[in-house]
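Quick note: the coordinates plus some simple rules give every number you see, no bench work behind them. Worth saying up front: this structure is predicted, and the values here are computed from it rather than measured. Here the Cβ positions follow ideal geometry from the backbone for every residue, glycine too, while neighbour counts run over all protein chains shown.
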Amino acid sequence: MPVQRDEQELTTYFADAPEDVSLADVDLERLPSHISVIMDGNGRWATRQGMERGQGHIAGIASLRETITACVRLGIDVLSAYAFSTENWKRPQQEVDLLMHLFATTLVKELPLFHQENVRLEFLGDIEALPQKTREVFEEGLSETADHTGMTLALAVNYGARAELARAARLIASKVKEGTLSVDDVDAACVSSHLYTADLPDPELLIRTSGELRLSNYLLWQLAYSEFYITDTLWPDFDRWELLRAIRAFQGRDRRFGGVKA
Ligand code: IPE
Ligand code: IPE
Ligand code: MG
């Protein structure tokens, strides 16, 4: 069942629109049910302002908060966001430590928002391998929001699509070996049901900030038929209006799924 939205709150949230985009530009009856974001460009944003990269990550938190609120106001069912990849461990230890610290402290700070907005939290990725404090806070976030019935926020942390697919293959192989799954039943739906996203619909719209034209090991399976919106805007500058621009672009696409134009 689609998430409910409050029309009054929605209009208020999207008041004071800039010149080029407004709420009237999007069809509220045809919103993507799952929006996914690759939150990129924090480091460049900070460097351009003459600051340390870490300041960019701190600034990026506000963009995620605004995107969550905007999606809740619009009544989006699922918002997923790429926060830390399996390759991001290669970064300088100081940056990795800061990110792990920010994940933990931000989640604690934002729990009241999740309660207020009825947001259910999920994690995509191997959160077992995270530093203990971060893992504990994540587990607390999961249990505290498990009963929420509004938007699902899926945060990809220590996520890599290749690792996810290899994990699915392992899970499936062990079921076959145990005799609880037949080889003939291993189809696309079966693979989907062994991914971190098993309970989520595939993203309909993928947004990547900072202009990079690549997936960086994100949701390789799930993005098979998603519409891509790439913006040069750096993540700390991303806001509710940029989200509307992305949705407007999505609604202008002709999605054929391999068929012919309707
Ligand atoms: C995205 O911003 C945040 C993470 C990957 C954690 P970056 O840190 O990749 O910023 P750029 O791409 O270096 O500007
Ligand atoms: C992708 O961004 C990962 C996240 C946004 C968390 P990266 O900055 O790590 O990607 P590359 O290195 O530019 O491909
Ligand atoms: Mg980057």
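Each residue, Asp97 and Glu29, gets one label point 7 Å from its Cα in the Cβ direction; the gap between the two is 5.6 nm. For region 35-107, the set of GluC sites (Glu not before Pro) satisfying both a DSSP loop assignment and a count of at most 15 other C-beta atoms within 10 Å is given as Glu52, Glu87.
Oblate is the label for region 41-186, because the ratio a/c of its alpha-carbon gyration tensor axes (a ≥ b ≥ c) is 1.5 or higher and a/b is not greater than b/c. Each helix, a run of at least 4 DSSP H residues, gives -39500 (n - 2.57); summed and divided by the residues of the chain, these come to -13500 deg cm²/dmol at 222 nm. Scaling the Cα radius of gyration of the chain by the globular reference 2.2 N^0.38 Å produces a ratio of 1.03.
For Cα pairs less than 8 Å apart in space and 6+ apart in sequence, what is the mean separation divided by the residue count of region 10-115, i.e. the relative contact order in percent?
In percent, rounded to a whole number, it is 29.
Summing charges over neighbours of Arg5, with a neighbour being any other residue whose Cβ is under 15 Å away from its Cβ, gives -4 when K and R count +1 and D and E count -1. Its residues counted as N, region 1-82 yields a C-alpha radius of gyration over 2.2 N^0.38 Å of 1.29. Under 20 Å of direct C-alpha separation, and excluding same-chain neighbours fewer than eight residues apart, Lys109 reaches these lysines: Lys133. Summing charges over neighbours of Trp221, with a neighbour being any other residue whose Cβ is under 14 Å away from its Cβ, gives -1 when K and R count +1 and D and E count -1. Each other residue within a Cβ distance under 11 Å of Glu212 adds +1 if Lys or Arg and -1 if Asp or Glu, for a net charge of +1.
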